[in-house]
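S.K.: Quick one: the structure is below, questions incoming.
The values are calculated or read from the model by the stated rules, or taken from the named source; none is laboratory data. On a predicted model such as this, the values are computed, not experimentally measured, just so you know. Cβ: placed from backbone, ideal geometry, glycine included. Neighbour counts: every protein chain shown. The protein model used for the area step is the full one, side chains on, heavy atoms only, and it has no ligands, DNA or RNA in it. Shrake-Rupley method; radii C 1.70, N 1.55, O 1.52, S 1.80 Å.
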Amino acid sequence: MEKKIEKKISGTSECTGNLAVNIGGLRLKNPVLTASGTFGYGEEFASYVDLNRLGGIVVKGLSWQPRKGNPGPRIMETPGGMLNAIGLQNVGVRNFIREKLPFLRRYDVAVIANVYGETVEEYLRVSELLTTVTGVHALEINVSCPNVRKGGVAFGTDPDMVAEVTSRVRGVTDLPLLIKLSPNVTDIVVMAKAAEAAGADAISLINTLTGMSVDVERRIPHLRNVTGGLSGPAIKPVALRMVWQVAAEVRIPVIGVGGIMNADDALEFIIAGATAVQVGTANFVNPAVTMEILNGMTGYMNRHGLQDVNELVGTLRLWTESEEERKR
Amino acid sequence: MKREIMVGTVAFNRRLGDRLYHMAVRLPDLIPDPHPGQFVMIRPTSSEWPLLSRPFSIYRFSGTKDRATLEILYRVVGRGTEIMSFLKSGSRVSVLGPLGRGFLVDENCNCHILIAGGMGIAPISYLADHLRAILPSEKDIIACLGARSGFDLFGLEHFRKLVCSLNLVTEDGTMGVCGLLTDILPGVLRDCDPERTAIYACGPMGMLRSLADSLSAEGNWKCQVAVEERMACGVGACLGCVLPVIDGRGRVVHKSVCKEGPVFKLQEIWWEGK
């Protein structure tokens, strides 16, 4: 067990093949991005990671006004993952542009602004402003937020609301538009198709799964907010399944997120249909994990004689009769 | 400055008492001396559980020509620390750090008072080493150590060598004065001048809150405290470990314990939010 986990996926930072991908007009030098909420605004990890090597950074979700977020405790580890109820604490879109974006512009990395809104109007205000500034290369719309005008039901649980947010934001921006879907739905494909029909350039999935954890001695939830979002290795099978289902049904690119800890995990998502991946919780375990994932992916491509990572996208083979016979 | 996560080797992992451990980790590279109050994030590399590193205050640190050893004290309070307690010497651990902002020492102060409750003794002990090393001998260093019982007080011989006066308090009276640290505080402060005294504290939040109340009742004292909070990233990115503090404009804001702390001014902490 020890050997397996300690084995570094061999690879080099030299890739003979092409790693560049195109996400609905957003050109990335490679398919590895960092997930919203797990990498701050880039500065926090800059001394641990070569930001110039990253395909892209999705910054922490931005709202119109700064948000303080929830009172603590905000996080709790659970088997193979963690729960978070941060409450979307962020500096607000205007402070982001003023204070955080200049740092990111120093690097050769795509900056994707994740956008949060409690009303459709808020999504529009934030998106419009971000569209006017240099240095923001794409928008990722977080539809897992509660719609306060509709009693706090999350936008992402209703295909009509997903379509409305997407088409309204589409109307105010010509930046590549990524819609990040919530997995807390009965049929993720319905949501993805609604976003595609309404003008999305790409779909990111998944956001966190809603969960909770209880302190049995004190008989209270570990999170002050009671419930939180589950992320990490525990959610990978769900995320992978959803990516595979959505990629089969939409024509726009899919970005896979959910429990990616190493290069093999990233490759699973690409083979299942993702054109790019986002790495989140893994950054907390090893700040330089994205670099290791890149190295591992190039190693895989070299070993398999692949000239272009795009050759790998959606190449999952289904079992054939002859394989079933060989297994028997 | 390029930083990276290190893989260290456990030199020893000694049980000191009920769920109480003392671990030393040899690091592969020399790192700059950590400041007292800083911490490291540690997890075993050989297992996928715990997923997240756990934060531990630095208790002792020694750096020689080409290697460094750091020591932590910890109590088993959950799954992560339980797994840490099973590690044997030779086990490999990943170490991130030193992290955070440590205690600031005002060398103009004549009197430095160290207050440690329970596991707070770890960073306070490291601070005591540091103060003794940098302060001239005429500066007073007074230590007040408190715990539930005498069994939870350790490292006393080491403290006695560093400080001018050592005051012990236990809730069950098995050592020192029977009671709480805040009971002996007025006596300790009596001969000190608030303008020339620095107080440094670490302990459970309940203790720090009582300390805040006692100190404001006793006058205008400068006190820094090292706090702890559950952490994930340790570098200020995930925003999981916030503490509500009152900023310069009187507003309550959330500060990351890992990056803007773990040392804060005691009077900044907004207790109603805890």
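S.K.: Could you list, ordered by first residue, the pairs with Cβ atoms under 9 Å in which the first is in region A:95-110 and closer than 21 Å to A:Asn30 by Cα and assigned to a strand (DSSP E or B) and the second is open to solvent by 70 Å² or more (accessible area, probe 1.4 Å) and basic (Lys, Arg), at least 6 apart or interchain?
M.R.: Once the first residue is closer than 21 Å to A:Asn30 by Cα and assigned to a strand (DSSP E or B) and sits in region A:95-110, its partners that are open to solvent by 70 Å² or more (accessible area, probe 1.4 Å) and basic (Lys, Arg) give A:Ala110/A:Arg27; A:Ala110/A:Lys29.
S.K.: Report the residue count in region B:166-190 for those that are open to solvent by 40 Å² or more (accessible area, probe 1.4 Å), touching a residue at least 24 places away in the same chain (Cβ under 8 Å) and out of contact with any Leu (no Cβ under 8 Å at 6 or more places or on another chain).
M.R.: Number satisfying all stated conditions: 4.
S.K.: Only one of these is at positive phi and among the aliphatic types (A, V, I, L, M): B:Leu266, B:Leu239. Name it. Break it down stepwise before answering.
M.R.: Values: B:Leu266 fails: at positive phi.
Testing whether each residue is at positive phi and among the aliphatic types (A, V, I, L, M) leaves just B:Leu239.
S.K.: Scan region B:191-198 and give yes if some residue there is open to solvent by less than 30 Å² (accessible area, probe 1.4 Å), out of contact with any Lys or Arg (no Cβ under 8 Å at 6 or more places or on another chain) and in a loop (DSSP other than H, G, I, E, B), otherwise no. First the steps, then the outcome.
M.R.: Going residue by residue through region B:191-198, those that are open to solvent by less than 30 Å² (accessible area, probe 1.4 Å) are B:192, B:197-198.
When the remaining residues are screened for being out of contact with any Lys or Arg (no Cβ under 8 Å at 6 or more places or on another chain), the result is B:192.
Right, trim to in a loop (DSSP other than H, G, I, E, B) and you get B:192.
Yes, some residue in region B:191-198 is open to solvent by less than 30 Å² (accessible area, probe 1.4 Å), out of contact with any Lys or Arg (no Cβ under 8 Å at 6 or more places or on another chain) and in a loop (DSSP other than H, G, I, E, B).
S.K.: Is at least one residue of region B:15-22 more than 30 Å from A:Val216 (Cα to Cα), away from chain A (no Cβ under 14 Å) and open to solvent by less than 10 Å² (accessible area, probe 1.4 Å)?
M.R.: Filtering region B:15-22 down to residues more than 30 Å from A:Val216 (Cα to Cα) leaves none.
Checked region B:15-22: no residue is more than 30 Å from A:Val216 (Cα to Cα), away from chain A (no Cβ under 14 Å) and open to solvent by less than 10 Å² (accessible area, probe 1.4 Å).
S.K.: Say whether the condition of being touching a residue at least 60 places away in the same chain (Cβ under 8 Å), over 23 Å from B:Gly146 (Cα atoms) and open to solvent by 10 Å² or more (accessible area, probe 1.4 Å) is met by at least one residue in region B:246-265.
M.R.: Looking through region B:246-265, at least one residue is touching a residue at least 60 places away in the same chain (Cβ under 8 Å), over 23 Å from B:Gly146 (Cα atoms) and open to solvent by 10 Å² or more (accessible area, probe 1.4 Å).
S.K.: Output the number of residues of region A:41-64 satisfying the condition of being at the interface with another protein chain (Cβ under 10 Å from one of its Cβ atoms), open to solvent by 10 Å² or more (accessible area, probe 1.4 Å) and not aliphatic (A, V, I, L, M). Give the derivation first.
M.R.: Residues of region A:41-64 at the interface with another protein chain (Cβ under 10 Å from one of its Cβ atoms): A:41-50, A:60.
So of that shortlist, the ones also open to solvent by 10 Å² or more (accessible area, probe 1.4 Å) come out as A:41, A:43-44, A:46-48, A:50, A:60.
If we keep only those that are not aliphatic (A, V, I, L, M) too, we end up with A:41, A:43-44, A:47-48, A:50, A:60.
Of the residues in that region, 7 qualify.
S.K.: For A:Gly72, work out the one condition from (1) part of a loop (DSSP other than H, G, I, E, B); (2) without any contact (Cβ under 8 Å) to a residue 40 or more places away in the chain; (3) under 24 Å from B:Gly100 (Cβ atoms) it doesn't fulfil.
M.R.: The one condition A:Gly72 does not meet is (2).
S.K.: Among the residues of region A:183-225 satisfying the criterion of being without any contact (Cβ under 8 Å) to a residue 60 or more places away in the chain and acidic (Asp, Glu), which is surrounded by the fewest Cβ atoms within 10 Å (Cβ to Cβ)?
M.R.: A:Glu217
S.K.: How many of the residues in region A:128-140 are open to solvent by less than 30 Å² (accessible area, probe 1.4 Å) and touching a residue at least 40 places away in the same chain (Cβ under 8 Å)?
M.R.: 3
S.K.: Ok, one more. Assess whether B:Val77 counts as being in a loop (DSSP other than H, G, I, E, B) and open to solvent by 60 Å² or more (accessible area, probe 1.4 Å).
M.R.: Details: in a loop (DSSP other than H, G, I, E, B): yes; open to solvent by 60 Å² or more (accessible area, probe 1.4 Å): yes.
So B:Val77 fits the description; yes.
S.K.: Right, another one. Out of the strands (runs of 3 or more DSSP E) lying entirely within region B:200-274, which hold 3 or more residues that are more than 8 Å from chain A (Cβ to nearest Cβ)?
M.R.: Numbers: elements: B:222-226, B:242-246, B:252-256, B:263-265.
The strands (runs of 3 or more DSSP E) meeting that bar are B:222-226, B:263-265.
S.K.: Checking the conditions here, which among B:Glu82, B:Glu4 is surrounded by fewer than 19 Cβ atoms within 10 Å (Cβ to Cβ), within 14 Å of another protein chain (Cβ to nearest Cβ), outside any loop (DSSP other than H, G, I, E, B) and out of contact with any strand residue (DSSP E or B) (no Cβ under 7 Å at 6 or more places or on another chain)?
M.R.: Values: B:Glu4 fails: outside any loop (DSSP other than H, G, I, E, B).
Checking each option against the conditions leaves just B:Glu82.
S.K.: Specify the residue that is most open to solvent (accessible area, probe 1.4 Å); the eligible residues are those in region A:77-88 that are at the interface with another protein chain (Cβ under 7 Å from one of its Cβ atoms) and outside any loop (DSSP other than H, G, I, E, B).
M.R.: Among those residues, the one meeting the criterion is A:Asn84.
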